[in-house]
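*Asks:* Dropping the structure in here first, questions after.
The values are calculated or read from the model by the stated rules, or taken from the named source; none is laboratory data. None of the values given here were measured: they were computed from a predicted structure. Neighbour counts are summed over all protein chains in view; Cβ atoms, including those assigned to glycine, are modelled from backbone coordinates with ideal geometry.
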Amino acid sequence: MSQFPISCQWNSSGTILIKFKYYFPRILLSVNGKLTALCQPSKVSNWRTLTPLLQESMEPGYLTLYNSGELERRAQALEARLAACDICPRECRVNRLKSEPGYCHSGRLPIVSAVCAHHGEEPAISGIRGSGTVFFGNCNMRCVYCQNHQISQSWKKQRSNEMDCHTLAEKMLYLQDGLGCHNINFVSPSHFVPQLLRAVVEAVPMGLRVPLVYNSNGYDSIASLKEIDGVISIYLPDLRYASDKWAKKFSHAPHYVVRARQAIKEMYRQVGDLEVDESDLAERGLIVRHLILPNGLADSEESLAWLVREVSPAVTVSIMSQYMPMHRASRIPLLSRKITIDEHEAVLKLITDLGVENGWVQEMGAAEEYLPDFERKDYPFSSTNSQNDIPPRSATNYLSYTGNTTCNYS
Ligand code: SF4
């Protein structure tokens, strides 16, 4: 293997891939004399993918679908399925239009527990102005270590966060125009796909234009995903387990492995590899999150090997190191501690050994920095009460990536 610490290659889509083996200061790259990318590699991960080059600005697909009437047709089709709900893989068949409770305890209206500009997502998602995050309440999984358990597993309390889809659309416009967010980031949307799509139908004539991010736990229905084909620009699913035993025991999610893998393949079919603009912001594509769990419970080798083998070596993977024994996990011996440095380094080695080409790695210590508290409804990620108090942070500060606050541990 070459000892030179940087390598460049063109890939099949005409983009350039830069890999760093060691820490380098900021580097400017130019192609044909034209400035194309600004790069500041991570000294943590020795692993940094750079910018597909010269992407033309993309218009979100939902605008075309809206104009043709297809978006309305799909919203109606999804809403009809609420009468015998099969919106997620649990297929409870309850009538949510009449508020019959299924596993997720969610009815006809969306439950929106927090809305904010999020500066702690992956650099390509948060950018400089933040990701416009919509936290849906309740969940179709029950992770014992959920860091969002205040909103994901408190269904009685969450009833007070119900709102109609028009109000949700107004909040999306506030994120886009009021806060200047780069995208709308739907967190834990798997049980609210019809409501999500209806809100998009409402928001387009109001002026919605930014890309939509589907930020899920991976426990998604293929039929539901097909209805948002062309609507979602960026898929951001978890791949949590490679063992149904642990998925059932710690997340109450039967058949999680096959369900999540099928969902990720469908997402990849729709959007392909990550594409970013000249500012390194995601425009389209798949980013798979993999949370390192203590004691090897995430079976990282098996999941990462599957991604490389069955999805693509070029798939973008976000390795998350922020596990904390939240919620009920402190009482479960296998889950009652943070991950160790050895566990972290073992996954970093896997990335190299398995040939995972693109993505980010959270530094150790990321856990404490970005724990949300949803009692602070205006801005769950800070002791301040308002996101207006949060200074904007540049995405380039995140190349050594310490700040991911996933919302899907539920
Ligand atoms: S969305 Fe809720 S009610 Fe519908 S199948 Fe899933 S868990 Fe059941």
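*Asks:* Taking region 339-354 only, how many residues are more than 30 Å from Leu281 (Cβ to Cβ), touching a residue at least 40 places away in the same chain (Cβ under 8 Å) and of a type in the set (Val, Ile, Thr)?
*Replies:* Residues meeting the conditions: 1.
*Asks:* Restricting attention to region 252-274, does a residue exist that is charged (D, E, K, R), out of contact with any Gly (no Cβ under 8 Å at 6 or more places or on another chain) and surrounded by 24 or more Cβ atoms within 10 Å (Cβ to Cβ)? Outline the logic, then answer.
*Replies:* Residues of region 252-274 charged (D, E, K, R): 259, 261, 265-266, 269, 273.
Restricting the remaining residues to those that are out of contact with any Gly (no Cβ under 8 Å at 6 or more places or on another chain) gives 261, 265-266, 269.
The next check asks that each one be surrounded by 24 or more Cβ atoms within 10 Å (Cβ to Cβ); those that pass are none.
For region 252-274, residues charged (D, E, K, R), out of contact with any Gly (no Cβ under 8 Å at 6 or more places or on another chain) and surrounded by 24 or more Cβ atoms within 10 Å (Cβ to Cβ): absent.
*Asks:* Please verify whether Glu72 is over 17 Å from the mean Cα position of the chain (by Cα), farther than 30 Å from Ile319 by Cα, within 16 Å of the ligand (Cβ to nearest atom) and assigned to a helix (DSSP H, G or I), treating the condition exactly as stated.
*Replies:* Values: over 17 Å from the mean Cα position of the chain (by Cα): yes; farther than 30 Å from Ile319 by Cα: yes; within 16 Å of the ligand (Cβ to nearest atom): no; assigned to a helix (DSSP H, G or I): yes.
So Glu72 fails the test.
*Asks:* Step by step: first the residues of region 85-100, then only those that are more than 9 Å from the ligand (Cβ to nearest atom) and of a type outside the set (Lys, Arg), then the one that is modelled with the lowest pLDDT. Which residue is that? First the steps, then the outcome.
*Replies:* Going residue by residue through region 85-100, those that are more than 9 Å from the ligand (Cβ to nearest atom) are 95, 97-99.
Narrowing further to those that are of a type outside the set (Lys, Arg): 95, 97, 99.
Values: Asn95: 98, Leu97: 98, Ser99: 95.
Ranking the candidates gives Ser99 first.
*Asks:* Out of Arg240, Arg269, Arg259, report the one residue that is basic (Lys, Arg) and under 14 Å from the mean Cα position of the chain (by Cα). Talk me through it step by step, then tell me what you get.
*Replies:* On the way: Arg269 fails: under 14 Å from the mean Cα position of the chain (by Cα); Arg259 fails: under 14 Å from the mean Cα position of the chain (by Cα).
Just a single option satisfies the conditions, and that option is Arg240.
*Asks:* I would also like to ask the following. Report, by residue number, each residue of region 97-112 that is crowded, with 23+ Cβ neighbours inside 10 Å and under 17 Å from Ser221 (Cα atoms).
*Replies:* Cys104, Ser106, listed by residue number.
*Asks:* Name the residue, out of Tyr103, Tyr66, that is within 16 Å of the ligand (Cβ to nearest atom), of a type in the set (Ser, Thr, Tyr) and at pLDDT 95 or above.
*Replies:* Numbers: Tyr66 fails: within 16 Å of the ligand (Cβ to nearest atom).
Step by step, each of Tyr103, Tyr66 is checked, and only Tyr103 is within 16 Å of the ligand (Cβ to nearest atom), of a type in the set (Ser, Thr, Tyr) and at pLDDT 95 or above.
*Asks:* I would also like to ask the following. Would you please list the contacts, defined by Cβ atoms under 8 Å and residues six or more apart or on different chains, that run from a residue in region 91-118 that is over 16 Å from Phe135 (Cβ atoms) to a residue that is more than 11 Å from the ligand (Cβ to nearest atom) and assigned to a strand (DSSP E or B)?
*Replies:* Correct list of pairs: Gly107/Glu162.
*Asks:* Filter region 177-219 down to the residues that are aliphatic (A, V, I, L, M) and under 30 Å from Tyr241 (Cα atoms) and list them by number. Let's see the steps before the verdict.
*Replies:* Step one: of region 177-219, the residues aliphatic (A, V, I, L, M) are 179, 184, 187, 193, 196-197, 199-201, 203-204, 206, 208, 210, 212-213.
Passing the criteria: Ile184, Val187, Val193, Leu196, Leu197, Leu212, Val213.
*Asks:* I want to confirm something. Restricting to region 227-247 and keeping residues that are within 15 Å of Gln262 (Cα to Cα) and aromatic (Phe, Trp, Tyr), which single residue is surrounded by the most Cβ atoms within 10 Å (Cβ to Cβ)?
*Replies:* Tyr235
*Asks:* In region 106-119, what count of residues is obtained for those that are among the small types (Gly, Ala, Ser) and within 12 Å of the ligand (Cβ to nearest atom)? Working first, answer last.
*Replies:* To start, the set of residues in region 106-119 that are among the small types (Gly, Ala, Ser) comprises 106-107, 113-114, 117.
Going one step further and asking which of them are within 12 Å of the ligand (Cβ to nearest atom), we end up with 106-107.
Total satisfying the criteria: 2.
*Asks:* Next up: Taking the stated definitions as given, is Gly69 among the small types (Gly, Ala, Ser), within 30 Å of Gly180 (Cα to Cα) and touching a Gly at 6+ places or on another chain (Cβ under 8 Å)?
*Replies:* On the way: among the small types (Gly, Ala, Ser): yes; within 30 Å of Gly180 (Cα to Cα): yes; touching a Gly at 6+ places or on another chain (Cβ under 8 Å): no.
Against the criterion (among the small types (Gly, Ala, Ser), within 30 Å of Gly180 (Cα to Cα) and touching a Gly at 6+ places or on another chain (Cβ under 8 Å)), Gly69 does not qualify.
*Asks:* A further question follows. Need a quick list: helices (runs of 4 or more DSSP H) entirely within region 235-338 having at least 3 residues that are farther than 21 Å from Gln147 by Cβ and without any contact (Cβ under 8 Å) to a residue 40 or more places away in the chain.
*Replies:* Numbers: elements: 244-251, 256-271, 300-306.
Ranges flagged: 256-271.
*Asks:* Could you tell me which of the residues Val356, Val347 is modelled with pLDDT of 65 or more and in a helix (DSSP H, G or I)? Don't jump to the end; show me each part of the working.
*Replies:* Details: Val356 fails: in a helix (DSSP H, G or I).
When all the criteria are applied, what remains is Val347.
*Asks:* Another question, then. What helices (runs of 4 or more DSSP H) completely inside region 127-233 contain at least 3 residues that are among the hydrophobic types (A, V, I, L, M, F, W, C), more than 14 Å from the ligand (Cβ to nearest atom) and without any contact (Cβ under 8 Å) to a residue 60 or more places away in the chain? First the steps, then the outcome.
*Replies:* On the way: elements: 149-152, 155-158, 165-173, 193-203, 222-227.
Qualifying helices (runs of 4 or more DSSP H): 165-173.
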